[in-house]
Amino acid sequence: MAEQTYSLDTIMRALENREFIVYYQPQYNAITNGLKSAEALARWRLSDGSIVMPGSFIPVLESGPEIMELDWYILREVCRFLHMQEEKQIHRVPVAVNFSRLHFDDGDFLPKLLETVDGFGVPHRLVEVEITESALSENGDEIISQVKEIRAAGFSVAIDDFGSGLSSLSFVKDMDVDVLKIDKSLLNQNCEDEKERIVLESIFMFAHRLKLKTIAEGVETREQLGFLRTCDCKLIQGFLFSKPLPEDEFLKICAEGESAGQAEDILTVQAPSAATQLLLDAVFTRYPLVIFSNLTRNSFYMMAYENFTARTCPSTGVFDELIEHGTATMHPDDQDAFRQTFDRQNLLKAYENGEKWVSLTTKQIGNDGVYRRVETTDYFVKNPSADDVLVISLCHNLE
């Protein structure tokens with residue numbers, strides 16, 4: 001049955017009369033089931049106590065600038081709620097508030113945001129600004145610059161409904177956001193369709209490499225939850241754990257520190273892909289520079305490049321050129337040894353002679369002009385699908 005729609009005048013009068021209320025949909029850790037955050041959702045409570053759902057008023061408001069008034073109203077209600085929790089010393093979690101794309105045509109958005117949140121004395125970390133994916137394609141360049149300012153002010157920023165549009169990947173690449181909310185439409189086949197699973201796996205890998213927190217929306221079945229865990233999805237939002245709750249019920253959950261069920265042992269529920277990611281995180285902790293090379297085809301690409309002494313190494317290209325580049329960054333006393341040790345032909349001979357790895361410690365100059373001791377180890381690996389000789393280079397600072 002179609003939802004009843006209301007005139008703009010009727011909706012605006014209801015807004016002036018404070019008939020709109022906030023429902024909170026909890027967001028839970030996908031493994032521990034612990035409450036981590038929530039999304040604020042607008043509801044309209046009529047005089048008879050019945051609740052009008054957003055489909056009856058949001059489209060009407062979105063036809064003009066009036067939607068912005070509802071957004072600010074919801075933000076004020078969220079800040080009032082968070083302030084009340086502080087006064088009662090009740091545990092608080094971050095709350096996400098949706099903002100229309102129209103706000104990003106307004107140069108005063110951040111000042112208004114600061115004025116509202118600071119007026120209630122709410123820490124910025126407790127308010128998350130949600131931007132819909134569709135807003136990116138219409139206000140892309142302007143949003144990119146504004147998002148930087150919003151995050152610099154201490155707010156987190158989320159892209160909502162990711163996967164519902166077609167133009168989001170290029171903007172996410174350039175946009176400095178914190179959270180990617182996966183649209184529920186990507187779960188339509190209950191995560192049992194192969195193409196759906198491939199798309200989801202790719203999105204979560206993409207998000208993880210960009211160090212984005214992921215939230216899956218509209219999770220309703222154990223099958224969906226099970227698959228999302230294999231993708232290392234961080235947070236779950238949906239009816240499987242909780243429907244949107246009125247303020248008093250959500251307050252009770254916060255006060256009790258409620259979870260969405262008994263926590264499970266991560267070692268029993270994580271999938272191989274999640275375990276692999278943990279292993280990679282451990283590797284990157286010790287080896288901030290990881291390079292994959294194909295000695296047979298004279299090529300390489302870099303997998304990680306964080307907290308390393310020198311930051312001028314190219315990310316992909318010809319292996320022989322990589323060694324020449326690396327040699328130039330070494331102390332003059334170490335250049336010949338580095339060039340000889342990691343010469344491609346010498347490495348191929350070492351592989352043919354049955355060596356498992358080749359290692360060398362040198363002094364390498366950093367971006368700050370200081371030489372530091374660096375250990376570089378090349379491990380020979382074999383892909384069963386090809387005869388090419390591959391090498392994984394692990395590099396780390398010794399001081």
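The values are calculated or read from the model by the stated rules, or taken from the named source; none is laboratory data. These figures come from a predicted structure and were not determined experimentally. So basically every Cβ, Gly included, is an ideal-geometry build from the backbone, and we count neighbours across all protein chains shown. SASA here: full protein model, heavy atoms, side chains in, ligands and nucleic acids out. Shrake-Rupley method; radii C 1.70, N 1.55, O 1.52, S 1.80 Å.
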statement: A correct Karplus calculation of ³J(HN,Hα) over the range 25-42, with 6.51 cos²θ - 1.76 cosθ + 1.60, θ = phi - 60°, whole Hz and x for Gly and Pro, returns 9, x, 10, 10, 4, 5, 9, 7, 6, x, 5, 10, 6, 7, 10, 7, 10, 7
- request: Can you sort Thr316, Thr377, Thr132 by 1.4 Å-probe accessible area, starting with the largest?
  value: Thr316, Thr132, Thr377
message: Let me cross-check Trp357: its accessible surface, 1.4 Å probe, with only protein heavy atoms counted, in Å² to the nearest 10?
response: 140
- line: Comparing Ala255, Ala207, Ala158 in a Gaussian network model of the chain (Cα, 10 Å), the one with the largest mean-square fluctuation is Ala255
field: For Lys234, residues with placed amide H under 5 Å, excluding near neighbours
entry: Thr214
query: Between Leu245 and residues 5 or more places away or on another chain, which pairs have amide H atoms under 5 Å apart, with H built 1.01 Å from N, and which residues are they?
result: Tyr24, Gln25
- request: State in Å² the accessible area per residue of the chain; use a 1.4 Å probe, count heavy atoms of protein chains only, and round to the nearest integer.
  value: 50
- request: Report the calculated FRET efficiency for Arg43 and Val283 (r = Cβ-Cβ distance, R0 = 45 Å), to the nearest 0.05.
  value: 0.45
field: Residues in the range 368-399 reached by a label modelled at Asn294 [backbone nitrogen below 15 Å; 7 Å Cα→Cβ]
entry: 381-392
Gain in span if fully extended, Asp336 to Asp9, counting 0.36 nm per residue against the direct Cα distance: 109.8 nm
Mean Cα-pair separation over length for the range 321-399, i.e. relative contact order, pairs under 8 Å, 6 or more apart, %: 23
statement: Checked against a 22 Å limit on the C-alpha separation, the offending pairs among Lys349/Lys382; Lys184/Lys234; Lys112/Lys211; Lys173/Lys213; Lys211/Lys243 are Lys112/Lys211; Lys211/Lys243
statement: Taking every DSSP bridge whose two residues both lie in the chain, the antiparallel percent to the nearest 5 is 70
- request: Could you calculate the contour length gain from Lys88 to Arg18, that is, 0.36 nm times the residue separation minus the distance between their Cα atoms, to one decimal place in nm?
  value: 22.8 nm
- request: Return the carbon/sulfur percentage of the accessible area of the chain, one whole number, probe 1.4 Å, all protein chains in place.
  value: 50
- line: Taking Rh as the Kirkwood radius computed over alpha-carbon pairs of the chain and applying Stokes-Einstein at 10 °C with viscosity 1.306 mPa s, one gets a diffusion coefficient in µm² s⁻¹ of 65
